[in-house]
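The values are calculated or read from the model by the stated rules, or taken from the named source; none is laboratory data. From a predicted model like this one, the values you see are computed outputs, not experimental measurements. We place every Cβ from the backbone using ideal geometry, glycine too, and count neighbours over all the protein chains shown.
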Amino acid sequence: MSGTEPTAGSAADSCRAAGPKGDVVTVREPGLAYLSYLLRLWQTGNESEIVWRAALEDVRTGERQGFASLDALIAHLREVTAGKSETTDAE
């Protein structure tokens, strides 16, 4: 964790949820500053060459996208999050 407090939006665009340690955090509804995906990972190949595959499902729209490698998944996540950060971590 970065140690920064979450910024609360208006009541219309935020909700409260339990964090990983049971603490309550404010979570923005999906929009430009919030993306939510279901991530599926699985292995293919044989013992000499194992390849990880991935699929993302947008929880708002149900849209699914598959990736032939973890590198392709990471590239996609970098692309969709480029310029969407509200703050940066100094870590």
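Annotations
- Restricting attention to region 56-68, the residues that are without any contact (Cβ under 8 Å) to a residue 24 or more places away in the chain and touching a Phe, Trp or Tyr at 6+ places or on another chain (Cβ under 7 Å) total 3.
- Residues that are charged (D, E, K, R) and either loosely packed, with under 11 Cβ neighbours inside 10 Å or modelled with pLDDT under 95 (or both), drawn from region 59-70: ARG60, GLU63
- Total residues in region 40-56, condition surrounded by fewer than 12 Cβ atoms within 10 Å (Cβ to Cβ) and either modelled with pLDDT of 95 or more or part of a strand (DSSP E or B) (or both): 8
- Positions within region 44-65 being of a type outside the set (Ser, Thr, Tyr) and within 15 Å of the chain's Cα centre (by Cα), in sequence order: ALA54, ALA55, LEU56, GLU57, ASP58, VAL59, ARG60, GLY62, GLU63, ARG64, GLN65
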